[in-house]
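Below is one structure, written out as structure tokens; the observations come after it.
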Amino acid sequence: MATSTHTGSPQTTGQDADDHHVSPSDIAVGVIIGRTSEFFDFFVFSIACVLVFPARLFGFLDPVQGTLASFVLLALAFVARPVGTVIFMAVDRAVGRKGKLTAALLLLGTSTVAMGLVPSYDTLGWWAIGIMAILRIGQGLALGGTWDGLPSLLALSVSREKRGFYAMIPQLGAPIGLAVAALLYAYLLINVSAEEFVDWGWRYPFFVAFAINVVALFARLRIVASPEFDDMLNSSELRPSRIRPTLKQDGKSMILGIFMPLASFAMFHMVTIFPLSWVFLYSNDPPEAVLYSLILGSVAGIASIVASGYIADAIGRRRLLMLGALAIGAFAVLGPLLLAGGREGATTYIVLGFVLLGLSFGQSSGVIAALFGKKNRYTASALVSSLSWMFGAGFAPLTALSMSSFLGLWAAGIYLGSGVICTVIAIQISRRGQMDITDE
């Protein structure tokens with residue numbers, strides 16, 4: 001990678017470059033730690049939306065309505081995330097990447113910790129719900145600011161023949177974050193009574209989140225301080241462009257990018273939070289049993305995401321994303337039959353779902369970034385990712401549970417199927433437009 005001669009940033013030379021040099025493996029570790037912390041925070045909240053908040057915040061509703069109300073809180077962060085992206089892009093341009101990341105991760109960790117301190121509805125009334133909603137919006141705004149460009153730096157630090165493999169590495173943070181959150185909740189459930197868990201035990205995962213965010217912050221800052229990152233910044237690969245010119249120059253590609261990974265983003269909550277809510281509400285299985293299945297599914301998801309890297313390098317990202325979408329479409333039809341099959345069926349639903357999710361999700365972010373040239377890649381990828389998460393995952397648990405509760409479990413596949421249709425159409429449009437995303 002050539003050394004930049006840009007005069008706007010200090011140059012790192014000689015011994016300093018050796019002291020701060022980071023290899024692709026170093027970047028990979030930093031990316032995984034950072035993404036794990038983000039997904040851990042979100043899964044801690046998501047699991048609590050099923051196991052805790054219906055009783056503590058919405059006890060005046062029946063269990064199903066209380067869970068649906070909790071899923072409204074869940075969706076708030078996904079709506080706030082694109083707003084956070086815009087706000088923190090301005091912060092990035094004003095004070096730099098280090099300041100932006102520090103502020104975003106502190107907001108994320110503080111919002112999550114504060115959630116663990118919110119009293120119940122019986123104690124504070126509607127104020128408890130309002131405070132939780134504000135903190136959830138804080139999580140979403142913060143997540144919009146945690147976009148650091150490290151996945152792009154990682155992919156561009158290796159040869160094109162290996163970019164599929166390295167593009168999947170950031171995605172490993174999702175199943176790892178889920179596994180840690182599920183394991184922590186399961187430990188609490190089997191070691192305290194149900195009353196103690198709802199009273200105070202649920203708070204601990206929220207407190208753990210802050211410590212994880214501190215570790216993630218230092219891991220990221222170490223990479224941001226490297227000469228490689230500075231070179232990429234100076235060459236505009238990781239420089240935040242302004243929103244309006246980005247929309248004007250790459251608006252069509254951004255619209256396409258929102259819909260291309262929609263099937264995998266919709267699948268994301270359909271194999272995690274939705275089955276947990278369905279089993280918890282409509283069966284006699286203990287919640288820790290579903291959490292164990294989610295841990296098992298996370299392991300399968302990790303293996304599947306890794307496999308997606310090798311497959312993408314062999315057949316291309318776009319083809320893999322299309323095959324993954326078609327497989328998710330079949331799962332939308334057959335999955336509800338598995339979920340209705342008792343504990344074994346639910347476990348099969350989760351594990352099989354994670355395998356299909358990993359193959360598609362593993363390349364989703366890489367496909368988004370590859371749609372844009374280096375001038376607008378950083379800003380366009382961040383904004384597109386935020387919007388795609390909002391449309392794909394933000395409303396999935398709310399929509400799937402409400403439709404299943406009123407129409408039957410088969411209806412859970414309708415939302416997932418709509419995501420598949422969007423992905424297939426977007427990929428077909430990219431093909432007709434001769435958009436080459438395989439080697440980008």
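The values are calculated or read from the model by the stated rules, or taken from the named source; none is laboratory data. It should be emphasised that the depicted structure is a prediction, and the values quoted were computed from it without experimental measurement. When we count neighbours, we look across all protein chains shown, and the Cβ atoms used for this are built from the backbone with ideal geometry, even at glycine. Surface areas here come from the heavy atoms of the whole protein model, side chains and all, with no ligands, DNA or RNA. Shrake-Rupley method; radii C 1.70, N 1.55, O 1.52, S 1.80 Å.
Are any of the residues in the range 92-110 open to solvent by 10 Å² or more (accessible area, probe 1.4 Å), within 30 Å of residue 193 (Cα to Cα) and at pLDDT below 95? Within the range 92-110, one or more residues are open to solvent by 10 Å² or more (accessible area, probe 1.4 Å), within 30 Å of residue 193 (Cα to Cα) and at pLDDT below 95. As an exercise: evaluate residue 58 against (1) within 29 Å of residue 306 (Cα to Cα); (2) modelled with pLDDT of 95 or more and give the number of the one condition it does not meet. Evaluating residue 58 over (1) within 29 Å of residue 306 (Cα to Cα); (2) modelled with pLDDT of 95 or more leaves (1) as the failure. Whether any residue in the range 386-399 is within 16 Å of the chain's Cα centre (by Cα), under 30 Å from residue 251 (Cβ atoms) and open to solvent by 50 Å² or more (accessible area, probe 1.4 Å) is what I want to check. Within the range 386-399, one or more residues are within 16 Å of the chain's Cα centre (by Cα), under 30 Å from residue 251 (Cβ atoms) and open to solvent by 50 Å² or more (accessible area, probe 1.4 Å). Taking the condition assigned to a helix (DSSP H, G or I), open to solvent by less than 20 Å² (accessible area, probe 1.4 Å) and at pLDDT below 85, does residue 30 pass? Here the answer is yes, as residue 30 does meet what is asked. Exactly one residue out of 418, 381 is among the small types (Gly, Ala, Ser) and open to solvent by 40 Å² or more (accessible area, probe 1.4 Å), and it is 418.
Per-residue answers, yes or no, for (1) surrounded by fewer than 16 Cβ atoms within 10 Å (Cβ to Cβ); (2) in contact with a Lys or Arg (Cβ under 7 Å, 6 or more places away or on another chain); (3) over 21 Å from residue 36 (Cα atoms):
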{"position": "283", "(1), (2), (3)": "yes, no, yes"}
{"position": "295", "(1), (2), (3)": "no, no, no"}
{"position": "323", "(1), (2), (3)": "yes, no, yes"}
{"position": "333", "(1), (2), (3)": "yes, no, yes"}
{"position": "337", "(1), (2), (3)": "yes, no, yes"}
{"position": "346", "(1), (2), (3)": "no, no, yes"}
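Is it true that some residue in the range 282-304 is assigned to a helix (DSSP H, G or I), β-branched (Val, Ile, Thr), at pLDDT 90 or above and touching a Gly at 6+ places or on another chain (Cβ under 6 Å)? Spell out the reasoning first.
Restricting attention to the range 282-304, the residues satisfying the condition of being assigned to a helix (DSSP H, G or I) are 282, 287-304.
Restricting the remaining residues to those that are β-branched (Val, Ile, Thr) gives 290, 295, 299, 302.
Then drop every residue that is not at pLDDT 90 or above, which leaves 290, 295, 299, 302.
With touching a Gly at 6+ places or on another chain (Cβ under 6 Å) added as a condition, the list becomes none.
No, the conditions are met nowhere in the range 282-304.
All of 103, 142, 77 fail the test of being within 15 Å of the chain's Cα centre (by Cα), free of Cβ contacts under 8 Å to residues at least 60 places away in the same chain, at negative phi and not in a loop (DSSP other than H, G, I, E, B), apart from 142. The set of residues in the range 367-376 being over 30 Å from residue 336 (Cβ atoms) and within 19 Å of the chain's Cα centre (by Cα) consists of 369, 370. Looking across the range 256-281, just one residue is out of contact with any Leu (no Cβ under 9 Å at 6 or more places or on another chain) and open to solvent by 40 Å² or more (accessible area, probe 1.4 Å), and that is 259.
Scoring residue 352 on the criteria (1) surrounded by fewer than 24 Cβ atoms within 10 Å (Cβ to Cβ); (2) at pLDDT 90 or above; (3) more than 21 Å from the chain's Cα centre (by Cα) leaves a single failure, condition (3). Scanning the range 186-202 for residues that are open to solvent by 40 Å² or more (accessible area, probe 1.4 Å) and free of Cβ contacts under 8 Å to residues at least 60 places away in the same chain gives 187, 191, 193, 194, 195, 196, 199, 200. Among the residues of the range 55-74, those that are more than 13 Å from residue 133 (Cα to Cα) and open to solvent by 20 Å² or more (accessible area, probe 1.4 Å) comprise 55, 56, 59, 60, 61, 62, 63, 64, 65.
Consider residue 342 carefully, then state whether it is surrounded by fewer than 22 Cβ atoms within 10 Å (Cβ to Cβ), touching a residue at least 12 places away in the same chain (Cβ under 8 Å), out of contact with any helix residue (DSSP H, G or I) (no Cβ under 8 Å at 6 or more places or on another chain) and on the phi > 0 side of the Ramachandran plot.
Working: surrounded by fewer than 22 Cβ atoms within 10 Å (Cβ to Cβ): yes; touching a residue at least 12 places away in the same chain (Cβ under 8 Å): yes; out of contact with any helix residue (DSSP H, G or I) (no Cβ under 8 Å at 6 or more places or on another chain): yes; on the phi > 0 side of the Ramachandran plot: yes.
Taking the combined requirement at face value, the residue satisfies it.
Would you say residue 402 is buried (at least 24 other Cβ atoms within 10 Å of the Cβ) and either touching a residue at least 12 places away in the same chain (Cβ under 8 Å) or over 13 Å from the mean Cα position of the chain (by Cα) (or both)? Considered against the rule, which asks whether it is buried (at least 24 other Cβ atoms within 10 Å of the Cβ) and either touching a residue at least 12 places away in the same chain (Cβ under 8 Å) or over 13 Å from the mean Cα position of the chain (by Cα) (or both), residue 402 comes out as no. In the range 51-70, the residues that are assigned to a helix (DSSP H, G or I) reach residues that are open to solvent by 50 Å² or more (accessible area, probe 1.4 Å) with C-beta atoms within less than 6 angstrom, at least six apart or across chains, in these pairs: 54/63.
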